[in-house]
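Bear in mind these aren't lab numbers, they're just calculated from the coordinates by the rules spelled out. The model shown is predicted, which means the values in this text are computed figures rather than measured ones. Using ideal geometry, Cβ is built from the backbone for each residue, glycine included, and neighbour counts are taken over all protein chains shown.
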Amino acid sequence: MKKVVKFGGSSLASAGQFEKVGKIIRAEKGRRYVVPSAPGKRFSSDTKVTDMLYGCYAKAEKGEDFSEDLAKIRARYQEIIDGLQLKLSLDEAFSVIEEDFKNQAGTQYAASRGEYLNGMVMAAYLGFAFVDSATVIRFHEDGSLDTETTNRLLADALEKQEYAVIPGFYGADATGKVRTFSRGGSDITGSLVARAVKADMYENWTDVSGCLVTDPRIVENPVPIDIITYRELRELSYMGASVLHEDAIFPVRSEGIPINIRNTNCPEDKGTMIVGDTCSKSEYIITGIAGKKGFASVTIEKDMMNTEIGFGRKVLQVFEENDISFEHMPSGIDTMTILVHETEFAEHEQKVLTGIQKAVHPDHISLEADLALIAVVGRGMKSARGTAGRIFSALAHARVNVKMIDQGSSELNIIIGVENSDFETAVRAIYNIFVLCKL
């Protein structure tokens, strides 16, 4: 079996964590391609190396002395190297970084050096080849990923390496300028590598034993999810679940490669399997609950709206002209509601209202802010009767006022809108009714 294994920052924060990772990789010969993140926090009050690099480069950008900051970053890596008793020097790498910082190489370059340096340490520790992601992950000039070129470069480079370390989070454009994914983008790198080498499995190792039904900051000790489909995870990731970067799903999904979310600190746990489809039934009707705060709604009312051809297009065009994307659009015969991110909408609020007035001449427009959206996701909901009724019952019992409910045609998810202040209460109520089976 050929596996790609990605390890998050908390899994690589210290020499002790590196040793755990080493045991995991060496336990199976199939774990051939390793994607490391930058070192994370060693303890709660610690600082992630990526954040240290941001701070260091900010000083360099202002022309201030950043030598002390860079020395602290160097000390973090030296602590790991000494703890692992490696004969590895990063002096040359840090000299290059220092010079590049002085020459204003850019924030993305600065942020990428955490993964770059950790990749060198990991390769030395495992005895694997080191493949600089800047040579195999290609970005377009506008910062978007060049998927086809990346797949070709990765496949060509890794075909020659039986075992290799490929740092996560960054790549480069055609000019060689370093580019990064958004925060947490090492998940994407792992997924791209898995597709390029046609892996049998992509293992994503972190500090939790797989995906949980909901946020443990809201519900104490939520139950884990044994198996989840790509579509379900995509819905949950989009609505705030943060175990896996949402863009990491697409490369492996296209090749049918399963993802296994595992816990570095509890390697005996099976974790969560993420698959294309499955006959396996969830223990509960729902698979997961996720949500976000900070939405606003624009409700448009007009008699005989349903007979006016092009009404919806005209309304959405106003949002498009103001560079505002919409999240959901529940509607009735004479009403239409557009839900948007409050921060995006606030800046263009009056322009949008004026634009809608001119475009469709509504009878009334009403606005509401401070809304939260909650997604209840599950492949089992399609065959279960009364799911929406149970949600309403649970929320009513918890004295939560439902502002909106929207169910997609796939019956894979139900979106509920509530006030920001009711968000946590609503999540707990839904969890209780479906998982703990109690009001």
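What number, in percent, do you get for the relative contact order of the range 336-439 if the mean sequence gap of Cα pairs under 8 Å and at least 6 apart is divided by its residue count? Relative contact order, the range 336-439: 27 percent.
Across the range 141-154, coupling constants 3J(HN,Hα) worked out from phi with the 6.51/-1.76/1.60 Karplus curve, θ = phi - 60°, read 4, 7, x, 7, 6, 8, 5, 5, 5, 4, 4, 5, 5, 5 Hz, and Gly and Pro carry x.
Quick one: what does P(r) look like for the range 108-197 with 5 Å bins over all Cα pairs, in whole %? Spelled out per bin, shortest first, that is 3, 16, 27, 27, 19, 7, 1, 0.
Among the listed pairs K102/K177; K293/K358; K41/K72; K293/K351, give every one whose C-alpha distance is greater than 19 Å.
Working: K102/K177 16 Å; K293/K358 30 Å; K41/K72 14 Å; K293/K351 24 Å.
Beyond 19 Å between Cα atoms: K293/K358; K293/K351.
When the convex hull of the Cα atoms of the range 193-271 is projected onto a plane and the area is averaged over all directions, what value comes out in nm²? Mind dumping the intermediate values first?
Working: hull surface 21.2 nm².
With every direction weighted equally, the projected area is 5.3 nm².
Across q = 0.23 Å⁻¹, the range 317-439 modelled as identical point scatterers on its alpha-carbon atoms has Debye log10 I(q)/I(0) values of -1.34, in the order of the q list. Toward the positive end of the charge dipole of the chain, with +1 on the Cβ of Lys and Arg and -1 on the Cβ of Asp and Glu, the farthest Cα among F128, Y116, L244 is that of F128. Listed values for the range 332-345 are Karplus-derived 3J(HN,Hα) couplings in whole Hz (6.51 cos²θ - 1.76 cosθ + 1.60, θ = phi - 60°), namely x, 5, 10, 9, 8, 10, 10, 9, 9, 5, 4, 5, 5, 6, and x replaces Gly and Pro.
Relative to the longest principal Cα axis of the chain, at what angle does helix 311-321 sit, 0 to 90 degrees, rounded to 10? Approximately 40 degrees, to the nearest ten.
Per-residue 3J(HN,Hα) values for the range 177-192, derived from phi via the Karplus relation 6.51 cos²θ - 1.76 cosθ + 1.60 with θ = phi - 60°, read 6, 5, 10, 10, 6, 5, 3, x, x, 4, 4, 5, 4, x, 5, 5 Hz in sequence order (x marks Gly and Pro).
Once you divide the Cα radius of gyration of the range 45-133 by 2.2 N^0.38 Å, the number left is 1.08. Using the Cβ-Cβ distance between Q104 and M304 with R0 set to 60 Å, the FRET efficiency works out to roughly 0.50. Inter-label distance, D200 to E92: 3.7 nm, where each label sits 7 Å from its Cα along the C-beta direction. Taking the longest Cα principal axis of the chain as reference, the axis of helix 107-126 is set at about 50 degrees. In this Cβ point-charge picture (+1 for Lys and Arg, -1 for Asp and Glu), the range 217-262 has a dipole of about 40 debye about its Cα centre. Contact order, relative form, for the range 54-108: 48 percent (alpha carbon pairs under 8 Å, 6 or more residues apart, mean separation divided by residue count).
Packing, as the average of other Cβ atoms within 10 Å across residues, places the peptides 222-232, 298-308 in the order 222-232, 298-308, highest first. Averaging 1/r over each pair of different alpha-carbon atoms in the range 242-367 and inverting the result gives 18.2 Å, the Kirkwood hydrodynamic radius.
Over 38 Å apart: what share of the alpha carbon pairs of the chain falls there, rounded to a whole percent?
Values: 31514 of 96141 pairs.
Pairs farther apart than 38 Å: 33 percent.
Placing R0 at 51 angstrom, the Cβ-Cβ distance between M1 and K62 gives a FRET efficiency of 0.50 after rounding to 0.05.
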